[in-house]
Each structure stands twice: as structure tokens, then as C-alpha cells.
Ligand code: PHE
């Protein structure tokens with residue numbers, strides 16, 4: 001089977017694909033919104049700490065297991081397990097991962113659809129088609145379902161082309177585009193009145209809030225979500241990396257790109273919010289909390305763009321285009337998880353697997369849209385706040401305790417001649433075994449008690 005598996009053609013291709021998975025709505029929508037409602041710089045600091053101390057080591061666990069097994073998560077966890085019980089628990093963890101990945105995609109496609117609709121609305125404005133523009137920006141079942149389906153269609157189209165022609169080619173094109181757009185837009189927002197107030201909130205920490213249990217568990221979920229951890233995405237991308245590559249370096253680069261883009265997006269969204277405030281757009285309620293926390297960028301930002309005349313239309317077009325691209329390079333990585341499993345375990349062709357699974361997930365998205373008030377927030381909380389860190393915990397336990405140490409060390413030597421002398425070699429194996437699971441458990445215990 002291994003010979004027919006895809007592989008990334010180059011280091012650049014892998015970094016673009018993995019960073020493309022990591023960088024998404026979590027960075028540009030989730031992170032800045034959470035930072036804005038959780039004490040700005042305080043959240044930023046906790047997030048940075050967790051990203052480096054926990055998310056990077058957990059990412060490495062996934063990449064290393066994936067590359068060793070050159071297989072999907074279910075099969076990979078089975079391969080590194082010594083006995084029947086650990087094999088069964090490993091397979092269950094892999095299956096739970098692919099269910100969670102599919103559920104994440106089911107809400108992600110809805111939000112990404114809004115992004116695309118807003119992007120098109122700007123074009124409709126430019127063309128003077130105001131009726132169309134308002135249909136595109138107003139919350140309705142018809143708009144939501146049409147754009148969810150379009151977005152799922154794009155995701156399905158890319159994934160059916162496979163690893164190199166689909167994932168790698170599109171990520172390598174779209175990621176640089178995303179970075180340029182983000183930098184240009186941030187530079188522009190900095191020139192507007194009110195931006196400096198946002199910068200202050202983002203950069204001056206309120207330490208009292210930095211240590212609250214609610215903030216820490218949100219930052220944990222945000223860090224795991226942002227690096228696409230726990231659900232097998234990074235494991236499967238790791239399985240497409242050649243044995244010649246040095247994984248700790250590659251993983252480090254992906255983490256750096258991911259964190260930098262989240263931090264950069266904070267420099268865009270927080271100042272933009274305060275520019276909006278400056279222009280009379282309401283962003284806080286009487287209690288001083290953010291209004292419409294989840295939909296911040298769909299209310300505040302369009303209102304801001306509206307105050308900027310024609311320039312605003314262009315900025316809006318650029319911003320929502322950026323969001324759509326970021327979402328697409330992430331959604332393909334989510335769909336690849338169940339698809340790879342189905343191809344490898346059930347011998348189905350890629351095209352067929354993609355079509356069946358994509359349709360099922362679009363069905364789940366439709367159910368969420370039909371019961372939006374009850375399901376949307378619930379699915380997000382269950383998958384990202386709880387399932388991802390818990391599954392990440394399991395993967396650290398498998399890398400640290402279940403997998404035979406010699407085999408793990410041998411994997412670390414691949415593509416890295418002087419591995420034994422590196423800091424990674426000295427610290428990571430013990431760290432992923434003890435420190436990572438303990439931090440995750442401690443944060444959970446604290447949030448349950450707190
Ligand atoms: N990391 C992506 C983001 O920040 C979300 C994601 C989660 C992607 C899980 C794949 C798997 O938007």
C-alpha cells in the first residue's frame with residue numbers, strides 16, 4: 001500500500017501545506033476575537049506560552065508518529081502499539097479524531113461560506129447590485145446553505161486531486177497570497193484614526209485576567225485549534241513527509257508561521273475594531289463586553305468598511321478574500337483525515353471517498369444550519385475546547401508511553417545525522433511523556449473546579 005501513497009514533493013510544499021492547515025479562521029477570526037474579549041495582551045501572552053510549551057511538542061508527536069507509520073491515524077496508532085489493548089484504544093482514538101475533524105469541517109464550512117459571501121458582496125457593491133449585496137451579507141438560511149455548499153465543493157475538488165496536485169499545489173499558491181494581503185491590510189489599518197487605541201489593548205497586558213481559568217482553557221483550545229492538533233490532520237500530513245527530512249525543524253517552522261500569522265492578525269483586527277469604535281460603530285455593550293463575540297468580524301468589520309467609502313469596498317473585498325483562502329487551505333486538511341482513512345482501510349478510490357465523505361459532512365452542516373441556535377456554538381465548543389486537547393493528550397501518551405522508545409528515537413534520527421546532540425533529542429522525548437499530558441490535565445482540572 002505504501003508505494004501508492006502520496007508524498008509532498010519538497011520541503012517548501014510540506015511547510016506551505018502544513019502551515020496552510022494551521023493558518024485559518026482560528027488565526028484570523030478566532031484568535032483576535034478571543035484576545036479582544038479576554039484582556040488583549042494577557043490572552044496573547046498565555047497563548048504564546050501555550051503554543052511554544054505545549055502545542056509545538058504535541059505537534060511533533062503527531063508528525064513523528066505519522067512519518068514513522070506512513071499511514072492514517074487509525075493505522076498509525078495501531079502500528080506503534082505493542083499489545084491488543086493499546087492497539088484497540090489507539091484505533092479508537094484515531095477514529096474519534098476523524099469524527100472530530102469531520103465535525104470541525106461541518107461548522108468551518110458554514111463560517112467560511114460567510115466569508116465568501118461577504119467577499120462577493122463587495123463585488124456586488126462595486127457593480128451597483130445592492131439587492132444582491134444585502135442578500136449576501138444578511139443572515140439567512142438560503143445564503144448560508146448556498147455558500148456552505150460552494151465552499152464544500154471547492155474543498156472536495158482540491159482533495160480529490162490528491163496530495164501533490166491538490167493539497168501541495170494549492171497551499172503553495174494560496175499561502176503567499178494570504179501573507180501579502182494580510183501585511184498590506186494591516187499597514188493600511190494602522191494609518192487610520194483610532195488604530196493606536198486597539199494597539200494599546202493588544203500590547204498592554206491585564207495580568208489579573210491572564211491567570212483566570214476561563215482564559216487559560218480558552219487559550220489552550222485556541223492553541224490546539226490553531227495548530228490543527230488532536231484530530232489526525234498533522235499526523236496524516238506527517239505521513240506524507242519523506243524520510244529524508246528533518247522533522248523537528250519543519251515542525252518548528254510550521255509553528256512559527258502559525259503563531260506569527262495569529263499575532264499579525266491581532267495587529268489587524270484589534271486596531272480595526274477601535275477604528276470602528278472611533279467611527280461610531282458600537283462594539284461594546286453597557287457592561288464593557290464585546291457585542292456579538294462570535295460574529296465580531298461580520299458586524300464590526302463590515303461596519304468599519306462601510307465608513308470608508310469606495311476604499312472600504314476594496315479593503316472589504318481583500319479582507320474576506322483573505323479569509324476565504326485561509327479557510328480553504330485548512331478545510332482541505334480536515335477533509336483529508338477521513339478521506340485518507342477510507343482510502344487506506346477500505347480500498348475505495350480517492351475520488352469516490354472524497355465525494356461520499358464530503359456529501360456526508362455537507363449533510364451535517366445542513367443539520368447545523370437548520371438548528372443553528374442550538375447546534376452551532378455547541379459543536380464548536382465540544383470539538384475545539386474539549387475534544388482537541390483531550391485527543392492531543394492521547395497522542396502525547398501514545399508517543400511518550402506506548403510507542404517503544406527505541407523505535408521513536410530511531411525515527412528521530414531519520415533525516416537528521418547529528419540528532420543525538422540536538423536540544424530536541426535531549427528534551428522532547430521526556431517532555432512529551434510527562435510535561436505535555438500533565439499540563440493538559442492540569443488545565444482541565446482547573447477549568448472543572450474553577
Ligand atoms: N488550524 C485551523 C485554523 O486555525 C483549524 C483546523 C483545526 C484545521 C483542526 C485542521 C484541523 O483555522
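The values are calculated or read from the model by the stated rules, or taken from the named source; none is laboratory data. Keep in mind that what you see is a predicted model, and the values were worked out from it rather than measured. No Cβ is skipped: glycine too gets one built from the backbone with ideal geometry, and neighbour counts run over all protein chains shown.
In the range 79-102, of all residues being within 12 Å of the ligand (Cβ to nearest atom) and crowded, with 22+ Cβ neighbours inside 10 Å, the one that is nearest to residue 379 (Cα to Cα) corresponds to 100. Applying the set (1) within 16 Å of the ligand (Cβ to nearest atom); (2) farther than 16 Å from residue 21 by Cβ to residue 334 leaves exactly one unmet item: (2).
Each residue in the range 122-170 was checked for being under 30 Å from residue 16 (Cα atoms) and part of a helix (DSSP H, G or I), and 27 of them qualify.
Selection of helices (runs of 4 or more DSSP H) fully inside the range 382-450 by the criterion of at least 1 residues being within 16 Å of the ligand (Cβ to nearest atom) returns 388-397. Taking (1) within 16 Å of the ligand (Cβ to nearest atom); (2) modelled with pLDDT of 85 or more in turn, residue 267 satisfies each apart from (1).
Scanning the range 197-215 for residues that are part of a helix (DSSP H, G or I) and modelled with pLDDT of 70 or more yields 197, 198, 199, 200, 201, 202, 203, 207, 208, 213, 214, 215. Is it the case, given these coordinates, that residue 71 is buried (at least 24 other Cβ atoms within 10 Å of the Cβ) and within 16 Å of the ligand (Cβ to nearest atom)? Considered against the rule, which asks whether it is buried (at least 24 other Cβ atoms within 10 Å of the Cβ) and within 16 Å of the ligand (Cβ to nearest atom), residue 71 comes out as no. Scanning the range 57-75 for residues that are closer than 16 Å to residue 7 by Cα and within 17 Å of the chain's Cα centre (by Cα) turns up just one, 63. Evaluate the range 310-324: report whether one residue or more is in a helix (DSSP H, G or I), within 16 Å of the ligand (Cβ to nearest atom) and more than 15 Å from residue 184 (Cβ to Cβ). Checked against the condition, which is being in a helix (DSSP H, G or I), within 16 Å of the ligand (Cβ to nearest atom) and more than 15 Å from residue 184 (Cβ to Cβ), the range 310-324 yields at least one hit. Candidates are the residues of the range 228-247 that are away from the ligand (no atom under 16 Å from the Cβ) and surrounded by 22 or more Cβ atoms within 10 Å (Cβ to Cβ); the one that is nearest to residue 168 (Cα to Cα) is 241. Looking only at the range 75-84, decide whether some residue is touching a strand residue (DSSP E or B) at 6+ places or on another chain (Cβ under 7 Å), farther than 21 Å from residue 239 by Cα and part of a helix (DSSP H, G or I). No: zero hits.
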